[in-house]
Amino acid sequence: MAKKISRVQKRTKGRTHSAAGSTAHALVGIIMGSSSDWETMEDAVTTLKELGVPHETRVVSAHRTPDLLFEYAASAEKRGIEVIIAGAGGAAHLPGMTASKTVLPVLGVPVESKALKGLDSLLSIAQMPAGIPVGTLAIGKAGAINAALLAAAILGGKHPRIREALRNLRGAQTQRVLANPDPSDASLPQKRAPQKKRKSA
Ligand code: RP5
């Protein structure tokens, strides 16, 4: 049995990224249906890095690798994962199927599809039947960032360090907005590189 679990762990474990100097295991599992989703899901990773939340990343497809999806979702809790972020586009079954195999919170990120601009992804992820919830975020970059922030908020109940990191990030964001109240401020264009003078004809 122990051997079987370790084989499953080997297959399902993504690459773990810990806070600098830490050997902590991943608390957030970020999975995506295709490597083409990385451009969007990278923003979730960047946000978790800013917060110092250990995480792992992995391509797991509901359609192309269904057995891996089941193994990943079923073993995540045992491996110490506390929140799963699942990004997918089009017929986006990954978040819902993942949620069906675990009681961990699953946050779904609808990836913007070429054909329908992500509306298909959004509806596929949001319209879960009662009993199997997926916390559905916005389409694309905003959804990926907010999934990471929401994951940190969930983890913050158990991990005070993460709660404080989130508080600091939110505070810094507020300060940035307050520090730049007027977009037409004359000081803003001056920060751009000076324009070359046109030669007169
Ligand atoms: C979904 O199909 C993936 O999540 C991706 O958003 C979409 C397209 O995948 P590729 O054909 O680019 O691999 O399963």
- Any chance you could count how many residues in segment 114-129 are outside any helix (DSSP H, G or I), over 17 Å from the mean Cα position of the chain (by Cα) and under 19 Å from I30 (Cβ atoms)? 0
- Scanning for something touching a residue at least 40 places away in the same chain (Cβ under 8 Å), among the hydroxyl-bearing types (S, T, Y) and assigned to a loop (DSSP other than H, G, I, E, B), does segment 67-82 turn up at least one residue? no
- How many residues does segment 18-37 hold that are exposed (fewer than 15 other Cβ atoms within 10 Å of the Cβ) and near the ligand (Cβ under 10 Å from one of its atoms)? 2
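Suppose we filter segment 142-164 for residues that are among the basic types (K, R) and assigned to a helix (DSSP H, G or I); how many remain? Even if it seems obvious, please write down each step before you answer.
Filtering segment 142-164 down to residues among the basic types (K, R) leaves 158, 161, 163.
Then drop every residue that is not assigned to a helix (DSSP H, G or I), which leaves 161, 163.
Final tally of qualifying residues: 2.
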- Is there a residue being within 18 Å of A99 (Cα to Cα), under 20 Å from the mean Cα position of the chain (by Cα) and either touching a residue at least 40 places away in the same chain (Cβ under 8 Å) or surrounded by fewer than 21 Cβ atoms within 10 Å (Cβ to Cβ) (or both) anywhere in segment 154-168? yes
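Working only within segment 61-97, note down all residues that are away from the ligand (no atom under 12 Å from the Cβ) and closer than 20 Å to T40 by Cβ. Break it down into steps so the answer makes sense when it comes.
We begin by selecting, within segment 61-97, every residue away from the ligand (no atom under 12 Å from the Cβ); these are 67-68, 70-85, 96.
Residues satisfying the conditions are Y72, V83, I84, I85, G96.
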- Query: Would a scan of segment 130-141 turn up a residue that is part of a helix (DSSP H, G or I), surrounded by fewer than 24 Cβ atoms within 10 Å (Cβ to Cβ), out of contact with any Gly (no Cβ under 8 Å at 6 or more places or on another chain) and of a type in the set (A, V, I, L, M)?
  - Reply: no
- Checking H63 against (1) without any contact (Cβ under 8 Å) to a residue 40 or more places away in the chain; (2) buried (at least 20 other Cβ atoms within 10 Å of the Cβ); (3) not hydrophobic (A, V, I, L, M, F, W, C), the condition it does not meet: (2)
- Failed condition for T46, given (1) in a helix (DSSP H, G or I); (2) within 16 Å of the ligand (Cβ to nearest atom), with all others met? (2)
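Every read-out reported here was derived from the displayed coordinates using simple, explicitly stated rules and does not represent laboratory data. Quick caveat, the model's predicted, so the values are computed rather than measured. Heads up, the Cβs are rebuilt from the backbone with ideal geometry, glycines too, and the neighbour counts pull from every protein chain shown.
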